[in-house]
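K.L.:
Let me begin by handing over the structure; questions about it come next.
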2 protein chains.
Amino acid sequence: MRHFFFMLLLRNMISSILKFNETLSSSSEVVNPTIMAKINQTWPKLPFTRLAKSADYHIASKELADKLVAKYTHFVLIGIGGSSMGARCIGEITGKKNIYFLDNVDSAEFSHIWSEVKPHLTKTAFICVSKSGSTIEILWNFSQLENLAKEQGCDIIQQSYYVSELTSNPLSNFARKHNRPLLEVPVDIGGRFSVLSPVGLLIAGICGLDITEMQRGAAAALEDKLKVAAICGSFLDSFKRKENITLFWFYNSGFRWFGNWLQQLWAESLGKRTDRDGNPAPAFSTPMIAIGSCDQHSILQQVAHGPKDKFVCFFSFHSVESSQQSVKSVLFDEIKFMEGRNYGELIACQSKATYEALKQNGVSSEFFSLDDSDKSKSLGYLFMFFQLVVATLGEHENINAFDQPGVTLGKEITLQMLKA
Amino acid sequence: MRHFFFMLLLRNMISSILKFNETLSSSSEVVNPTIMAKINQTWPKLPFTRLAKSADYHIASKELADKLVAKYTHFVLIGIGGSSMGARCIGEITGKKNIYFLDNVDSAEFSHIWSEVKPHLTKTAFICVSKSGSTIEILWNFSQLENLAKEQGCDIIQQSYYVSELTSNPLSNFARKHNRPLLEVPVDIGGRFSVLSPVGLLIAGICGLDITEMQRGAAAALEDKLKVAAICGSFLDSFKRKENITLFWFYNSGFRWFGNWLQQLWAESLGKRTDRDGNPAPAFSTPMIAIGSCDQHSILQQVAHGPKDKFVCFFSFHSVESSQQSVKSVLFDEIKFMEGRNYGELIACQSKATYEALKQNGVSSEFFSLDDSDKSKSLGYLFMFFQLVVATLGEHENINAFDQPGVTLGKEITLQMLKA
């Protein structure tokens, strides 16, 4: 009997990286059967799901990461959008220092990064990431870094590393020409779905994550079909209620860039004009991000009392809520009742109280708890989980979640202006 | 004749910190007269406008800032929401290092900040900011810093500085008891409208901004009544079109926290359930922020092709677009046409092209150019300008833009849980 209980507990622990609050059921009796059917039908064909299983990318990423960590103290990632966001959020969540993300064309930002690495130039690795290998911002920023380094007598091409498609493209051709390491971004996996390929894994390795555990986490998300179905059902209901903002509220200061990653994933995948048959696409929501108690002092007022146009997803984190760091003595009589309490308690109360207050204000919301005691595994899980949610929403609504036709026009006009 | 032209030019330069694109007119013939009437009627009564004129706060802030800069190398600001956001964006925009913002109760973030200042403890100033002087997160975080410092043999109370109302409250009483410097937050000016009081000015001084020029910029915004009226008219039209997201897109990497400041200002002020007479409040939009070309690779797809529920305000910056940093030689044949071009040119093309592409996609948008060649002045202008816009929108729609009743319930439930 005791053994049985232990097995049950273990099973529960393994299968509950993400837990829901009581109002959202993920039992097979309640989950929308058309969503489940769509999941069973489409997931096996989704290329990015392969990244939870195939070992090749993981081994190549880990090997190169180990070499770079042994050789360099500073790292510059030159990328943008899907070639940078996921890596940037891994950098933030792991708290890794001396890693810089050059993902804009703002010269002030460029100069800041340059001033940080200039004194350590010979100990800096330059990692160029671009799926297509032809993104103008990336080719240009890297050229400028090379120009400036040469003035310092340093040839950074000999310290450069590449992540790109293996097709013939400016970046991969350049890597081959100079005989530099080149990791593969699979051709059939779009930039914003590529974080579990070398695009994210190389940085994960540099930041000290366990890449194998990340993959295990991703595989666990693929097993959580009922959970994905339940959440997709909840989102689709929200869209029907015309809630055109989905607000992801992370009670974890390190998740701001994860929020940016999720925003891109959601917005580029679901913001489409037409469905696959050319009919007007259904209206998906715009994703927004809030962080911890600081944003309770910011946008909460509007969420609680403004128009009921939002669906709020709270995410609490085991690592944050289990913090035993306690305040032994408080300096102010007015908070005597807080003496000896720990940080985990306070933030746990705040997230639950805010969720409760929104419910009482009639705002649609859900509460999710994440067991992130294994950072690598939970992060792999979260990446895969949200990719599956977004892909499933797209498939269910007959949307092509994998292109981005709306950004082409702006690029064309930019080029016209530059070439004029 | 030449003299007349020069005067005209000078006048133009002085009065054009912010310029509009051609479609939004700020001439007195076009501006909505009811908005202008509301401006003339209410602005003289708005307490925060005083901060553009009165010198006392500026002098006190500058004096203390000078002392702190002479004495310390590291700075920790303990605040949250309106007591932190404005200062944090000043820190980001000025690129000041060694200044840390403790504005959450996440122990990982706390530990990170503590590890940064611990080696420099005797050279670190601790600045507690709270208008009410009773915000639990602030009193608690400061207590914990004091506890940890004491273990290191350092009494940080002797290195602490305070910004609060001068009324009897936990923080101001503590400052008085320990005979520590206390700068005033005016009682009648709410936290989110207080950035031009010592709440923001002390940090501005520490970050090397010219506080007098900031005030001049704020005064210039107060002179720009027609511009505020024109933009308010444009926003009100947008709300009528049921565009429930206002997207502020800054082509400046340093403006992320300015965006957060603006989000709080807008959301807490305008997200109200009822108007001043108790009638259901009109629906204001939810503010969202995007940054530079990196977000063209993120949310642009949804803005362009998703539901037409957004009003997009592009902000270009003289300091960014005038960057002469040029790339002498490019490494890739595919971008040969970019050789010798400078960063300013590229980002200027990108912002205008994105604006143009959205117009062609039928998305409501406006384009604003900011002359930020004087950083202090333009920042003072921007703070005051947006405060005026938000206050005017509130007054025009008979909303109390200065309270935040919607955040009370969450605080109460938190306290109930903690005291249970």
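K.L.:
What are the distances, in nm and sorted shortest first, from the label point of B:Arg341 to the label points of the same position in each other copy, with each label point placed 7 Å from Cα along the Cα-to-Cβ direction?
P.N.:
List, nearest first: 5.6 nm.
K.L.:
With chain B treated as a Gaussian network of Cα nodes joined by springs under 10 Å, which of B:Ser234, B:Ser26, B:Ser323 yields the largest mean-square fluctuation?
P.N.:
Comparing B:Ser234, B:Ser26, B:Ser323 in the GNM, the peak value goes to B:Ser323.
K.L.:
Using a/c under 1.5 as the rounded threshold, could you call segment A:210-365 rounded, prolate or oblate? The axes a ≥ b ≥ c are square roots of the C-alpha gyration tensor eigenvalues, and prolate needs a/b larger than b/c, oblate otherwise.
P.N.:
Details: a/c = 2.63, a/b = 1.57, b/c = 1.68.
Judged from the Cα gyration tensor, segment A:210-365 comes out oblate (a/c at least 1.5, b/c at or above a/b).
K.L.:
A:Lys375: which aspartates and glutamates have alpha carbons under 20 Å from its alpha carbon, excluding same-chain residues fewer than 8 sequence positions away?
P.N.:
A:Asp66, A:Glu92, A:Asp210, A:Glu213, A:Glu223, A:Asp224, A:Glu321, B:Asp106, B:Glu109
K.L.:
Follow-up question, since we're still on this one. Need the list of aspartates and glutamates near A:Lys71 for cross-linking: C-alpha distance under 13 angstrom, and skip anything on the same chain fewer than eight residues off.
P.N.:
The qualifying aspartates and glutamates are A:Glu63.
K.L.:
Using a/c under 1.5 as the rounded threshold, could you call the protein assembly as shown rounded, prolate or oblate? The axes a ≥ b ≥ c are square roots of the C-alpha gyration tensor eigenvalues, and prolate needs a/b larger than b/c, oblate otherwise. Could you put the intermediate results ahead of the total?
P.N.:
Numbers: a/c = 1.28, a/b = 1.14, b/c = 1.13.
Rounded.
K.L.:
Have a look at A:Gln159, A:Gln264, A:Gln404 and tell me which one the Gaussian network model of chain A (Cα, springs below 10 Å) gives the largest fluctuation.
P.N.:
A:Gln404
K.L.:
Report the extension gain between B:Lys97 and B:Ser16 in nm, rounded to one decimal, defined as 0.36 nm multiplied by the number of residues separating them, less their alpha carbon distance. Spell out each step's value before the answer.
P.N.:
On the way: separation 81, 0.36 × 81 = 29.16 nm, distance 3.11 nm.
Contour length minus Cα-Cα distance gives 26.1 nm.
K.L.:
Moving on to the next point. Rounded to the nearest 0.05, what FRET efficiency do B:Leu415 and B:Asp333 give with R0 = 60 Å and r taken as the Cβ-Cβ distance? Could you check?
P.N.:
On the way: r = 65 Å, r/R0 = 1.08.
The pair B:Leu415/B:Asp333 has a calculated efficiency of 0.40.
K.L.:
For A:Gly208, place a label point 7 Å out from Cα along the Cα→Cβ vector, do the same in each other copy, and report the separations in nm, one decimal, smallest first.
P.N.:
Once sorted, the set of distances for A:Gly208 reads 3.2 nm.
K.L.:
Springs between alpha-carbon atoms under 10 Å, Gaussian network over chain B: tell me which of B:Pro280, B:Pro47, B:Pro198 tops the mean-square fluctuations.
P.N.:
Among B:Pro280, B:Pro47, B:Pro198, the largest GNM mean-square fluctuation belongs to B:Pro280.
K.L.:
Taking 22 Å as R0, compute the FRET efficiency from the Cβ-Cβ separation of A:Lys308 and B:Lys240 and round it to 0.05. Let's see the in-between values first.
P.N.:
Details: r = 19 Å, r/R0 = 0.86.
Between A:Lys308 and B:Lys240 the formula returns 0.70.
K.L.:
Per residue of A:141-154, how many C-beta atoms from partner chains lie within 10 Å of its own C-beta, taken as a mean? If you can, show how the numbers build up before the last one.
P.N.:
Numbers: counts 2, 4, 9, 8, 2, 4, 6, 3, 0, 2, 1, 0, 0, 0.
Mean number of neighbouring Cβ atoms from other chains: 3.
K.L.:
I'd like the mean, over residues of A:348-357, of how many other protein chain beta carbons sit within 10 Å of each residue's own Cβ.
P.N.:
Values: counts 2, 9, 10, 2, 4, 10, 6, 2, 6, 9.
Neighbouring Cβ atoms belonging to other protein chains average 6 per residue here.
K.L.:
If the reach is capped at under 13 angstrom between alpha carbons, list the aspartates and glutamates near A:Lys45, excluding any in the same chain fewer than eight residues apart.
P.N.:
In chain and number order, the partners are A:Asp188, A:Glu395.
K.L.:
Further, regarding this structure: Shortest first and in nm with one decimal, please list how far the A:Asp56 label point sits from its counterparts in the other copies (point 7 Å along Cα→Cβ).
P.N.:
Spacings between copies for this position, smallest first, are 7.3 nm.
K.L.:
Please report, in debye to the nearest 20, how large the charge dipole of the protein assembly as shown is about its Cα centre when each Lys and Arg carries +1 at its beta carbon and each Asp and Glu carries -1 there. Could you put the intermediate results ahead of the total?
P.N.:
Working: 84 positive and 84 negative charges, 59 e Å.
The dipole magnitude comes to about 280 debye.
K.L.:
Another question, then. Cα axis of helix A:56-71 to longest principal axis of chain A: angle in degrees, 0 to 90, nearest 10?
P.N.:
Helix A:56-71 sits roughly 70 degrees off the main axis of chain A.
K.L.:
Against the longest principal axis of chain A, how steep is helix A:408-419, in degrees 0 to 90 to the nearest 10, with axes from Cα atoms?
P.N.:
The answer is roughly 30 degrees.
K.L.:
Strictly over 22 Å apart at the Cα level, which of A:Lys38/A:Lys272; B:Lys62/B:Lys177; A:Lys97/B:Lys118; A:Lys53/A:Lys225; A:Lys131/B:Lys336; B:Lys19/B:Lys96 would you flag in this model? Write out the running numbers ahead of the final one.
P.N.:
Values: A:Lys38/A:Lys272 20 Å; B:Lys62/B:Lys177 24 Å; A:Lys97/B:Lys118 17 Å; A:Lys53/A:Lys225 16 Å; A:Lys131/B:Lys336 20 Å; B:Lys19/B:Lys96 28 Å.
Beyond 22 Å between Cα atoms: B:Lys62/B:Lys177; B:Lys19/B:Lys96.
K.L.:
Moving on. Which of B:Leu46, A:Leu102 has the fewest other C-beta atoms within 10 Å, and how do the rest follow up to the most? Intermediate values should be presented prior to the final figure.
P.N.:
Details: B:Leu46 19, A:Leu102 26.
If I rank by nearby Cβ atoms, fewest first, I get B:Leu46, A:Leu102.
K.L.:
From the residues A:Ala219, A:Thr286, A:Ile127, which one has its Cα farthest along the dipole of the protein assembly as shown in the positive direction, the dipole being from +1 and -1 charges on Cβ of Lys/Arg and Asp/Glu about the Cα centre?
P.N.:
Of A:Ala219, A:Thr286, A:Ile127, it is A:Ile127.
K.L.:
With θ taken as phi - 60° and the coefficients 6.51, -1.76 and 1.60, list the Karplus ³J(HN,Hα) couplings across segment A:129-141 in order, rounded to whole Hz; mark glycine and proline as x.
P.N.:
Rounded to whole hertz, the list is 10, 7, 4, 6, x, 10, 5, 4, 4, 6, 4, 6, 4.
K.L.:
Suppose every Lys and Arg Cβ carries +1 and every Asp and Glu Cβ carries -1, with no other charges. What dipole size does segment A:49-212 come out with about its Cα centre, to the nearest 20 debye? Spell out each step's value before the answer.
P.N.:
Values: 16 positive and 16 negative charges, 65 e Å.
Computed about the Cα centre, the dipole is about 320 debye.
K.L.:
If you don't mind, there's one more thing I want to ask. Counting only residues 5 or more places away or on other chains, whose amide H sits under 5 Å from the amide H of A:Gln325 once H atoms are built in the peptide plane?
P.N.:
Amide H neighbours of A:Gln325, under 5 Å, 5+ apart: A:Tyr343, A:Gly344.
K.L.:
Next question. Using helices alone, what [θ] at 222 nm do you get for the protein assembly as shown, with -39,500 (n - 2.57) per DSSP H run of 4 or more residues, divided over all residues and rounded to the nearest 500? Each step should come with its number before you reach the end.
P.N.:
Numbers: 34 runs with 408 residues, N = 840.
Helix-only estimate at 222 nm: -15000 deg cm²/dmol.
Every number in this text was worked out from the coordinates using simple rules, so none of it is lab data. Keep in mind that what you see is a predicted model, and the values were worked out from it rather than measured. Methodologically, a virtual Cβ is constructed for each residue, glycine included, from the backbone with ideal geometry; neighbour enumeration extends over all protein chains shown.
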